[in-house]
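Structure first, then comments.
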Amino acid sequence: MTHTGLSRQSHATPRRKVLISGAGIAGPALAFWLNRYGFAVTVVEKAGAPRGAGYPVDVRGTALEVVRRMGILPRLRDAHIDTRRLTFLDGDGREVASVDPHAVTGGAAGRDLEVRRGDLADALHTAVRDDVEFLFDDSIDMLDPSDHGVDVAFHGGGTRTFDMVFGADGLHSRTRELLFGPEERFHHHLGYCFAVFTLRNTFGLSHETVMWNVPGRAAALYAVGDDDEVHALLNFARPRPPSDALRNPRAQRALLAEVFADAGWEVPGMLAALRDADDLFFDGVGQIRMPRWSSGRVALVGDAAYAPSFLTGQGSSLALVGAYMLAASLADRDHTAGFAAYERHTREFVTLNQQRVGDGDASLFPTTARALERRNDMLRALKTTPPAKERPAHSALTLPDFPPLT
């Protein structure tokens, strides 16, 4: 277990001690705001260090105000990925349409951010690492809540007691499982599986994404700049998640090879690169929908509570906004009133963003020939980026002012 960080603050009154499980996006963001208001924060993370790399993510709408208030917006602006073109191909590899990415995603050029996930995670960790305690290479093994606190047993050994515990440990949250039960109760499969990994950029791609589609299957190459590597995406329709493959990399590779065996374009080369890829991430496409996000002195935030799926492009933004709202709700309240305020003021925003996927038949990944042709007709009609419009899902929440320190 690796310890890093010590709080520099001193307080005349005892500080409420809290534990956050997860040092991805939601965890460090929550740690920043809770520390800002005087909590004694510990973050536990099963990885041995902050996780770098990862697929690019979006920061939009209300989340932009969160990172501005954190003081990391200039750094993220410097890390912004300027994707200039999104090209769609048919099953034979012929161009269907080449469009401005904002015309498809609904983003706002010049305002929204797209950054490597590792760059966002590093900016968040850097903003808080000197003020909170980080326990890397460890995780929560057991939770024992009471009226007076939460006793936590760590996988690496030892126990500690906290006033509150927060699960920011992602879609497959261990914290959620310990308090609320199996993931199957809250996970809603949206009809797809996907894999992402990196491979050498032998395609001459720069600042662009190229996507190949046939009904029920898609493959994409995403060049975030002039790097020597590109991100690869393989996405396919699956009515039920392949439970036998979700935790078995060998089975994942075999399934992808089977599903895309007859695919054209660059897919054979992508499958060849997949065999040796050391950064494969495979999962079902799903959302977490829960009737409540807290129990006693334990609350969930980010994907652990309300993963919207990558189809919305709002996972990181919801994590940032949720972390801010949770901390602001607790700043001058006890856990009971604070958790209630967190849900009361945040749930509508979460629901609006989750609803962006409809029933799961995402417009970018049609499952039938007719739906694919309708999508292609829509793409051909996009000659220029439409004028900026109000984006109720991205920007539907106005952040409350963070309570001043006392």
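The residues on offer are VAL41, VAL67, VAL96, VAL57, and the sole one that is surrounded by 19 or more Cβ atoms within 10 Å (Cβ to Cβ), over 21 Å from ALA26 (Cα atoms) and of a type in the set (Val, Ile, Thr) is VAL96. LEU113 meets all of the listed conditions (1) more than 20 Å from the chain's Cα centre (by Cα); (2) open to solvent by less than 10 Å² (accessible area, probe 1.4 Å) but one, namely (1). Counting only helices (runs of 4 or more DSSP H) that sit completely within the stretch 99-194, those holding 3 or more residues that are within 30 Å of SER243 (Cβ to Cβ) correspond to 117-128, 174-180.
Summed over the stretch 329-348, the residues that are open to solvent by 10 Å² or more (accessible area, probe 1.4 Å) and either outside any loop (DSSP other than H, G, I, E, B) or of a type in the set (A, V, I, L, M) (or both) give a count of 9.
Among the residues of the stretch 213-230, the ones that are more than 27 Å from ASN248 (Cα to Cα), part of a loop (DSSP other than H, G, I, E, B) and open to solvent by less than 30 Å² (accessible area, probe 1.4 Å) come to 2 in all.
Residues in the stretch 287-310 that are at pLDDT below 95 and buried (at least 24 other Cβ atoms within 10 Å of the Cβ): SER309 alone. Annotation for the stretch 205-212: at least one member residue is open to solvent by less than 10 Å² (accessible area, probe 1.4 Å), touching a residue at least 60 places away in the same chain (Cβ under 8 Å) and not acidic (Asp, Glu). ASP283 - would you say it is outside any helix (DSSP H, G or I) and free of Cβ contacts under 8 Å to residues at least 24 places away in the same chain? Spelling it out, it is not the case that ASP283 is outside any helix (DSSP H, G or I) and free of Cβ contacts under 8 Å to residues at least 24 places away in the same chain.
Picking from residues in the stretch 259-286 that are farther than 25 Å from ARG247 by Cα and acidic (Asp, Glu), the one that is most open to solvent (accessible area, probe 1.4 Å) is ASP262.
The values are calculated or read from the model by the stated rules, or taken from the named source; none is laboratory data. Every value quoted in this text rests on a predicted model; they were computed, and no experiment measured them. Note: ideal-geometry Cβ built from the backbone for every residue, glycine included; neighbour counts use all protein chains shown. All accessible areas refer to the heavy atoms of the entire protein, side chains included, with ligands and DNA or RNA removed. Shrake-Rupley method; radii C 1.70, N 1.55, O 1.52, S 1.80 Å.
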